[in-house]
1. Among the helices (runs of 4 or more DSSP H) confined wholly to the stretch 1-115, which include 3 or more residues that are surrounded by fewer than 12 Cβ atoms within 10 Å (Cβ to Cβ) and among the hydrophobic types (A, V, I, L, M, F, W, C)?
2. How about the stretch 38-87: which of its residues are modelled with pLDDT under 95 and in contact with an Asp or Glu (Cβ under 6 Å, 6 or more places away or on another chain)?
3. Can you report the number of residues in the stretch 59-109 which are over 12 Å from GLU26 (Cβ atoms) and in the same structural domain as SER32 (by TED's automatic domain parsing)?
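The values are calculated or read from the model by the stated rules, or taken from the named source; none is laboratory data. Model, not experiment: these values are computed from the prediction. In this analysis, Cβ positions are derived from the backbone assuming ideal geometry, glycine residues included, and neighbour counts consider all displayed protein chains.
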Amino acid sequence: MDDGRPIFLQVAQQLEGQILEGALGEESQVPSINDLAAFHRINPATALKGVNLLVDAGVLYKRRGIGMFVAEGARARLLDERRAEFRDAHVRPLADRARGLGLTTAQLQDMIAKEMNR
């Protein structure tokens with residue numbers, strides 16, 4: 001919890017990572033706000049802000065009096081978001097650069113296939 005990003009974002013991204021890895025499955029309960037705050041040695045309001053980001057995104061939901069749970073379809077939603085971010089950050093610039101070099105789609109696909117199998 002010290003890489004320069006706001007702590008509440010780090011809390012949210014850590015939970016997202018656990019969902020993507022399968023450590024937190026759909027409909028499973030996530031650690032309480034107090035548990036997250038104690039584990040990370042942060043203010044509970046900061047932990048709550050991170051969790052609320054995921055609630056607002058539909059990744060988590062609250063069962064009144066019980067706690068927070070991973071929403072059905074949360075992993076698929078997160079994967080879709082991460083893939084879109086990957087496309088925007090890496091694939092589009094790659095395609096633009098390939099066009100500039102005069103590479104065909106087949107040539108680019110061949111290069112990517114070779115790298116993927118490396």
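1. Ranges flagged: 74-86.
2. Hits for the stretch 38-87: nothing passes.
3. Adding up the residues that qualify gives 7.
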